[in-house]
Amino acid sequence: MLMSKLFIQTLREFPNDAEAISHKLLVRAGYIKKLMTGSYTYLPLMQRVLSKISNIIREEMNASGAQEILMPFVQPSSIWEKSGRWAVYGKELARLKDRSGNDMCLAPTHEEVVTSLTEGILSSYKQLPVNLYQIQTKFRDEIRPRFGLLRGREFTMKDAYSFHTSQEDLNREYDVMAETYTRIFNRCGLETRAVQSDSGAIGGKVSHEFMVLTDTAVGENDVFYCDKCGYSANSNHATSVLNELETDGGFSAQEKVLTPDVKTIDDLANFFNIKTNNILKSVFCIVDDKPVLAMIRGDKEIEETKLLNAVQGLEMRYGTDDEIYEYFNCEAGFLSFLNVSDKIRVLFDDSAKTMKNFVIGANEKDYHIVGYNFDKMPETVDISLVKAGEKCPVCSAPLNVTRGIEVGNIFQLGTKYSQPMNACYTDEEGNLKPFIMGCYGIGVTRVAAAAIEKFHDDFGIIWPREIAPYQIIVVPVNVADELQVKTANEIYETLKNNGVEVVLDDRDERAGVKFKDADLIGFPLRVTVGKTINEGLVEFKVRKTGEMIKIKPDEVLNYFKEYTK
Ligand code: ATP
Ligand code: MG
């Protein structure tokens, strides 16, 4: 490929709507161009990266016995009604009508299509198990599309669905997929950790997410892990052993106390000279337009996904001051569950269980109640966020936390789709049974972005070799110098004829510009043909390490082979 012909434009500046480094670099280095929020054209360099990732996925999925198919992107509402998700999927599902007024949607995922696909094809236990996968476009009208390819609205996913006659066989396939995923990500140059997770809208019981652990802030997930026993879980699923010490506030009697303008948990703790864990905090939220009051120990925070699961909600936000006034007739800072309107759903976090003689709001401006004890312990649920340092639920060692980017996940669906959609096979005794299913996703576009989050420097992208768009760039420093141009061309031709993915930077640009672009785009290797050619030498440089050696032009191919062995 000639650089002068490559359909890209590298930019001097980062785009100003980008926060994540992968987003900034992908735009600046000419990999993607935005069409609208969360939707990008993949330019030639990007397309090469994506097809490499897809090919790795294909090879490994095929090797594990899965078969590739391609299902339609626009789907009829009828199958979503059958599965029960048409009513509950929420605003992420982009809905439309055809000319006859039939409801349809853009595929956010394909459980419904694949489950209905079995009809008339998979009918006997003899045909099972089967694992079908595709690499397809998905559309989700994400609430917060941001970070470029990390969270787009239109993106590419590999999704696979397996069908079994027993839970044991699903377990077996689940393990096979977990191993396949580890191999796929390793081949993409990414180390991942499989963590326990919440199953979300897809449903099912057992699920794991494959996380690329990063220290950049854009990982949208916190992963809690234990160095001692290996426990690891997404924050939406992680639990800890609740610290039961010092949950007695020490007040000898229950009384209402004037606490003028003492509104925050810290102010209250100071005011009464107690610990924050001796206060039962009231957190007022609106879930799908309905009021919810979450009661949680003062030192803990709400975990939004856990709260949503507890009330079977789809979207939550915190209540505004006006809404608080409307529902409590009181200011924020003094709320509690005492005497609340029965319009408000009240939830107690598990952390409330061990509290004694504690402080709560009085539901009256400037007043709190101290020395409160539950007459009868209300039912509690786990809706709290684990904190680093809390004890591992398996072995009690302190938990660590890190940021993670979810590049894939695996779910045991069981009969969640086959049952309502009546997707059945005939077993050995001739009985109709619903399929036991698993599903397995990988964000193809997100894998590319995650690799950049992980591997870049101040100059640009440092692609893992297996997914780099090209392996090597040949740069003649001065295109007016005949010998430089001739040598560069010869090296380029030799590499090309030997099947190497090579770019020749034939542009009439300053050397500095060419070097900058080469670093920005992230070619793993660079051959520079400059003045040293007069001594018969060119420079061979490794992007990742900065290592550089001088070699003869006819040695380039061998060095390339040696390096990429
Ligand atoms: P997330 O929690 O990040 O929204 P999800 O649980 O919705 O992910 P799935 O529906 O299981 O994800 O999709 C499978 C894979 O597709 C995810 O592991 C992720 O890598 C990728 N993916 C999901 N949503 C997006 C998106 N908006 N943009 C890019 N990739 C995505
Ligand atoms: Mg999602």
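The values are calculated or read from the model by the stated rules, or taken from the named source; none is laboratory data. Owing to the predicted nature of the structure, the values given are computational and were not obtained by experimental measurement. Please note: Cβ atoms are built from the backbone with ideal geometry, for glycine as well, and neighbour counts cover all protein chains shown.
The set of residues in the stretch 98-152 that are of a type in the set (Gly, Ala, Ser), in a helix (DSSP H, G or I) and more than 14 Å from ligand 1 (Cβ to nearest atom) contains only 116.
Which ones in the stretch 289-314 are over 25 Å from the mean Cα position of the chain (by Cα) and in a loop (DSSP other than H, G, I, E, B)? Spell out how you get there, then give the answer.
Of all residues in the stretch 289-314, those over 25 Å from the mean Cα position of the chain (by Cα) come to 289-299.
Selection gives 289, 298, 299.
One residue alone among 258, 280 is touching a residue at least 24 places away in the same chain (Cβ under 8 Å) and under 16 Å from residue 352 (Cβ atoms), and that residue is 280. Pick out the one residue from 135, 79, 143 that is within 16 Å of ligand 2 (Cβ to nearest atom) and in contact (Cβ under 8 Å) with a residue 60 or more places away in the chain. Within the list 135, 79, 143, the selection yields 143.
So, of the residues in the stretch 316-346 that are in a helix (DSSP H, G or I) and touching a residue at least 12 places away in the same chain (Cβ under 8 Å), which turns out to be surrounded by the fewest Cβ atoms within 10 Å (Cβ to Cβ)? Across the stretch 316-346, the extreme among qualifying residues is 323. Across the stretch 248-288, the qualifying residues are those that are over 36 Å from the mean Cα position of the chain (by Cα) and β-branched (Val, Ile, Thr), and the one among them that is farthest from residue 364 (Cα to Cα) is 274.
Please specify each residue of the stretch 48-62 satisfying the condition of being in contact (Cβ under 8 Å) with a residue 24 or more places away in the chain and either surrounded by fewer than 19 Cβ atoms within 10 Å (Cβ to Cβ) or of a type in the set (Val, Ile, Thr) (or both).
Of the residues in the stretch 48-62, the ones in contact (Cβ under 8 Å) with a residue 24 or more places away in the chain are 48-50, 52-54, 56-58, 60-61.
Listed by number, the residues that qualify are 48, 49, 53, 54, 56, 57, 58.
Only one of the numbered conditions (1) part of a loop (DSSP other than H, G, I, E, B); (2) more than 30 Å from residue 212 (Cβ to Cβ) is not met by residue 527, and that is (1).
For the stretch 153-169, give me the residue count where each residue is near ligand 1 (Cβ under 10 Å from one of its atoms) and either closer than 16 Å to residue 65 by Cβ or not in a strand (DSSP E or B) (or both). Here the count works out to 2.
Exactly one residue out of 219, 203 is crowded, with 17+ Cβ neighbours inside 10 Å, under 24 Å from residue 71 (Cα atoms), within 16 Å of ligand 2 (Cβ to nearest atom) and at pLDDT below 95: that is 203. The selection criterion, being under 33 Å from the mean Cα position of the chain (by Cα) and either on the phi > 0 side of the Ramachandran plot or buried (at least 18 other Cβ atoms within 10 Å of the Cβ) (or both), does not hold for residue 400.
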